[in-house]
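Written below as structure tokens is the structure these notes are about.
The values are calculated or read from the model by the stated rules, or taken from the named source; none is laboratory data. What you see is a predicted model, and the numbers here were worked out from it, not measured in a lab. Ideal geometry is used to build each Cβ from the backbone, glycine not excepted, and the neighbour counts take in all protein chains shown.
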Amino acid sequence: MLNMEEEKKSRVLVIGATGRLGHYLTRFSIQSGHPTFALIRNSTFSDPSKSANLESLLRRRHSPQSLFLSPSTSLIKLKGSLDDEASLEEAVSKVDVVISAIPSKHVLDQTLLINVIKRTPPSRSDKTQVSDLDHGFYSKKSEIRRLVESSNIPYTCFVNEVDAAAFTIKTIDDPRTLNKTLYLRPSGNVCSMNDLVEMWEGKIEKKLVKTLLLRVNFEKIKETPYPDDMEMVFIYSVFIKGHHTYFEIDESCGGVNGTELYPDVKYMTVSEFLDTFSRIVTK
Ligand SMILES: NC(=O)c1ccc[n+]([C@@H]2O[C@H](COP(=O)([O-])OP(=O)(O)OC[C@H]3O[C@@H](n4cnc5c(N)ncnc54)[C@H](OP(=O)(O)O)[C@@H]3O)[C@@H](O)[C@H]2O)c1
């Protein structure tokens with residue numbers, strides 16, 4: 001039975017709640033007071049470590065995130081899978097928002113889900129951030145994104161992980177993000193490789209030995225089959241091409257800036273992240 005506060009909030013279905021990103025999405029959704037549903041595969045119910053992971057979501061937690069104003073323990077577990085149409089229909093019919101956090105290599109397995117959503121639309125549908133970079137990894141995400149767009153399902157797209165989960169949940173009942181791509185480019189977290197090295201050297205109070213890479217071994221990337229090439233493609237895209245930062249976030253093109261919309265979300269800066277390692281290294 002939902003309490004009065006939960007009744008006002010959008011009902012959220014998380015697909016992939018036992019995964020890395022899905023765990024945080026589910027936790028933040030519950031803690032923000034959204035009636036939260038998780039679609040769980042049969043095999044996962046019988047896996048003790050995954051069950052423990054799910055149970056941990058039901059424990060009340062306190063967090064410095066201002067997002068967590070109304071801790072709640074509402075999580076409804078539904079048995080089902082992306083290849084089980086009946087389970088998808090049942091799950092989608094219960095909610096207003098669907099958040100899918102399945103692994104990149106299974107991204108095209110969401111086709112059935114999209115068809116179900118078209119027939120039984122929740123009020124909004126949120127998808128993971130995609131990019132135009134190809135090499136199999138991003139192209140699959142792009143394909144599924146085009147399908148979402150051509151299906152006329154309202155969507156929002158995202159980048160990044162734990163903090164991305166916090167920002168994602170903030171967007172749920174926010175009309176400013178409806179049919180928009182939410183970009184996360186937090187100040188202090190946009191830095192070049194040289195900035196990063198300099199920051200690290202400052203923390204460990206040592207100079208690093210540097211090797212200059214004059215050209216990227218594209219042949220190696222091309223010869224490596226998907227999904228083994230993903231790490232190389234990702235490093236090339238992020239650290240060499242800067243695909244996350246070379247463009248302006250422009251509302252006329254459907255982009256909105258997460259850190260501007262939600263200045264109250266306290267995200268981890270790169271410097272704070274490096275501190276967690278420097279404490280170990282300098283001990
Ligand atoms: N940019 C970043 O820094 C970053 C970091 C992490 C993740 N991500 C993105 O986040 C997404 C999720 O990645 P992840 O690392 O969180 O994945 P993960 O840990 O491997 O979790 C995958 C989840 O999807 C579920 N799943 C897989 N196939 C399913 C199916 N057929 N039906 C229902 N559920 C299914 C799994 O359920 P079971 O427990 O049943 O296997 C699990 O809960 C990916 O798109 C990834 O690219 C991005």
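How many of the residues making up the range 218-240 are exposed (fewer than 11 other Cβ atoms within 10 Å of the Cβ), acidic (Asp, Glu) and not in a helix (DSSP H, G or I)?
Selection size over the range 218-240: 1.
Which residues, counting only those in the range 90-107, are more than 7 Å from the ligand (Cβ to nearest atom), buried (at least 18 other Cβ atoms within 10 Å of the Cβ) and farther than 11 Å from Arg11 by Cβ?
Residues satisfying the conditions are Ile99, Ser100.
Just a yes or no: is a residue in the range 203-222 within 24 Å of the chain's Cα centre (by Cα) and not assigned by TED's automatic domain parsing to the domain that holds Thr168?
No, the range 203-222 has no match at all.
Quick check, is Ser252 over 21 Å from the mean Cα position of the chain (by Cα), part of a helix (DSSP H, G or I) and exposed (fewer than 12 other Cβ atoms within 10 Å of the Cβ)?
Yes, satisfied.
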